[in-house]
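Novice: Got a structure for you, questions after.
A short reminder: the numbers here are calculations on the coordinates, not readings from a lab. Since the model is a prediction, treat every value here as computed from it, not as a measurement. Quick reminder, even Gly has a Cβ in these numbers, built from the backbone with ideal geometry, and neighbours come from all protein chains shown.
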Amino acid sequence: MIRKTATAAVLLAASTLPAFAHLNPAEHGSFAAGFSHPLFGADHVLAMVAVGLWAALLGGRALWLVPAAFVATMAAGFGAAVAGLSLPFVEPVILASVVAIGLLAAMALRVPTMAAMAMVGFFAFFHGAAHGGELGAAGAANFAAGFAVATSLLHAVGIAAGLGVGRAFGGDAGRLAMRFGGVATVLAGAWLAVG
């Protein structure tokens, strides 16, 4: 059942990608622009799915609290950028988030849920600031709602894929297979950094 759900979630996410035109947020601050925005950046997609994967590896309350912390802190970063806060190194930190969160999943690092929330929250603030910095004078609320929903769905894909792979292989082999998702994320992040 979980394997079918994970497969369906991945296929659904992949099938929607071509359906969205990448709307310029500076001109079109709509829900659709916000929703499509994270889906067209490999760095954003990889980081969001990795958050879900790491949450699946942590299990328990972290399964929903870690992704929720990412979305909430991303919204705070967005609000700060819209209010005029300018953060240094936004793009390098976003790129670093792919590698760092991928490493957390690859190592299956066990930390308290609050620590995991703070760790992903640090990177989430920069992701949100990037979205806010790209918005221009368009409508912030609809745009923010759109990227929050897209981010939540990408987290759900990571969770579903992680749990599906874990159950499909079972036990230690399942956890090892889930960790390979983190390794793949690290490698993809490194490729983005040099590409």
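Novice: DSSP loop chymotrypsin sites (Phe, Trp or Tyr not before Pro) in the stretch 60-92 with at most 11 other Cβ atoms within 10 Å of their Cβ, which ones?
Specialist: Phe89
Novice: Packing-wise, with mean Cβ within 10 Å as the measure, how do 178-185, 43-50, 79-86, 31-38 rank, highest first?
Specialist: Descending mean neighbour count gives 43-50, 31-38, 178-185, 79-86.
Novice: With a cut-off of 8 Å between alpha carbons and a minimum separation of six or more residues, what is the relative contact order of the stretch 41-156 in percent?
Specialist: Relative CO of the stretch 41-156 lands at 46 percent.
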